[in-house]
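A short worksheet on the structure shown next.
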Amino acid sequence: MRRPRVLLLMPTTTYRAADFVSAGIKVGAEVVVGSDQRQTLEDAVPGATLTLDFQDIDGSARLVAEFAEKFPLVCVVGVEDETTELAAEISRVLGLPHNSIESVRAARDKYRTREILLRSGIQVPRFWKFPAREDAHSIAPRVELPCVVKPLFLSASRGVIRCDDSEGFARAWQRLQKILMEPEVRRKGGELADWILVESYIPGEEVAVEGLLIRGELKSLALFDKPDPLWGPFFEETLYVTPSRLPEPTQRAILQTTALAAEALGLREGPIHAELRVNERGAWPLEVAARSIGGLCSRALRFGAGISLEEMILRQALGLEVGSLQREKKASGVMMIPIPRAGRLVRFDGADAALAVPDVEAVVQSLATGQDVVPLPEGSRYLGFIFARGSDPESVEAALREAHRRLKIIVD
């Protein structure tokens, strides 16, 4: 019996290639990797890889359609933000279950997301969009302070800066302008890199929702607390811990708001990763992405009999039995190791000492010693990850903090 073939669209910079390919093997699929750079073994192993331009949606979709005539595909999964539009269009061309390209395009564009949610009656901050080339001093009087400036499309809080006064606004604007001029950023964002979003600052706690959409119905997989305060001026995400310690009514409101936001955007199939702020006025969606959680953070999640998030996503995409959507009973969490300063990574020591902390399961260094490291808001790469599992969220958080304390990270 022929194994089902899945196309995974992954930029070469993704952290998640190994986890998704491994998941594909576990579910019995034949994996094809579609990447933005030619793979060394592309000619040696026909049908295993494809080189695609993620910005040329129509041209790449035609290329995949030709490929599928010889190597039929059962599903297409976009692993990162920059691949979701292409995944939707390829699926449409091949007649496979998919989100509409309009819905994933709206989810990727933070300004468009705000417009749609506002029209749907979901609370959003006041927001404005300005050409990135404009002068900050002419814009400052037209916005509400305190505010947050951010790119329309980048993830992991890259380029996101809080401003409390006009001088701070000007500095933040100029800083973001430089980020948006970087060739890699312009290639990834296309026309979205020509604009800057400004929105009023929302006080409160920040949470993340991991979910799976099945024919338009949101199945909640995990609700993460972010225990470190995210008040600015930058918004470096460090700790994710689940299950949430928020009151049950608050958790229900978060999940309900997430479901309403996904429905408003028109998303109907596959994974979503949502970021929200919560305060006395309720839940405020910041982002509803048509993909799963980034980095290596998915390794903090297990379902049923030890099934990974990637396996869950691929089973649903392939039309296989998903199994239990119930997360394991243990609390779990991940720390995205903070970058202390810009420079060159000289040492990443203490992993054995960190692993000796009870409940800590893994310490992963994701940037090689000797590489340059760049903190937020300019940075786009993680230094590494710490994973823990325990009896309750409090012990998991304490273990992650103690493991981090034992690491010896030196940046020159």
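Going 7 Å from the Cα of Arg252 toward and past its Cβ, which residues in the stretch 104-128 have a backbone nitrogen under 17 Å from where you end up? Once the point is set 7 Å along Cα→Cβ of Arg252, nothing inside the stretch 104-128 turns out to lie under 17 Å by backbone N. Sequence-distant contacts, meaning Cα pairs under 8 Å at least 6 residues apart, place the relative contact order of the stretch 120-209 at 43 percent.
Relative contact order, whole percent, for the chain stands at 14, derived from Cα pairs under 8 Å and 6 or more residues apart. Between amide H atoms placed 1.01 Å from N, distances below 5 Å from Tyr15 occur with Gly295, all of them 5 or more places distant or on a separate chain. The helix-only estimate of mean residue ellipticity at 222 nm for the chain, built from DSSP H runs of length n ≥ 4 each weighted as -39500 (n - 2.57), is -9500 deg cm²/dmol after division by the residue total.
Can you list residues from other chains, or at least 5 along the same chain, whose modelled amide H is less than 5 Å from the amide H of Gly343? Those lying under 5 Å, H to H, from Gly343 are Val373. Less than 5 angstrom separates the built amide H of Val322 from none of the residues sequence-distant by 5 or more or on a different chain. For the stretch 5-105, a crude dipole built from +1 on the beta carbon of Lys and Arg and -1 on the beta carbon of Asp and Glu, taken about the Cα centre, is about 380 debye to the nearest 20. Between (1) 31.9; (2) 20.1; (3) 24.3, which entry matches mean projected area of the Cα convex hull in nm² as derived from the coordinates of this structure? Correct label, based on the coordinates given: (2). Each residue of the stretch 222-235 was assigned a 3J(HN,Hα) from its phi angle through the Karplus curve 6.51 cos²θ - 1.76 cosθ + 1.60 (θ = phi - 60°); the sequence is 6, 10, 9, 7, 10, x, 6, x, 10, 9, x, x, 10, 10 Hz, with glycine and proline shown as x. For the stretch 114-130, backbone phi angles converted through the Karplus equation (6.51, -1.76, 1.60; θ = phi - 60°) give residue-by-residue couplings of 4, 4, 5, 5, 4, 5, 8, x, 8, 6, 9, x, 5, 8, 9, 10, 10 Hz, Gly and Pro being listed as x. Taking other residues whose beta carbon is less than 15 angstrom from the beta carbon of Asp349, and scoring Lys, Arg as +1 and Asp, Glu as -1, yields +2. Placing +1 on the Cβ of every Lys and Arg and -1 on the Cβ of every Asp and Glu, with no other charges, gives the stretch 39-153 a dipole of roughly 760 debye about its Cα centre. Charge dipole (Cα centre; +1 on Lys/Arg Cβ, -1 on Asp/Glu Cβ; no other charges) of the chain amounts to roughly 300 debye. Of all aspartates and glutamates in the structure, those lying under 18 Å Cα to Cα from Lys26, and not within fewer than 8 positions of it along the same chain, are Glu310, Glu311, Glu321.
Every read-out reported here was derived from the displayed coordinates using simple, explicitly stated rules and does not represent laboratory data. Only a predicted model underlies this, so the values are computations on that prediction, with no experimental measurement involved. FYI the Cβ positions are ideal-geometry reconstructions off the backbone, even for glycines, and counts take in every protein chain you see.
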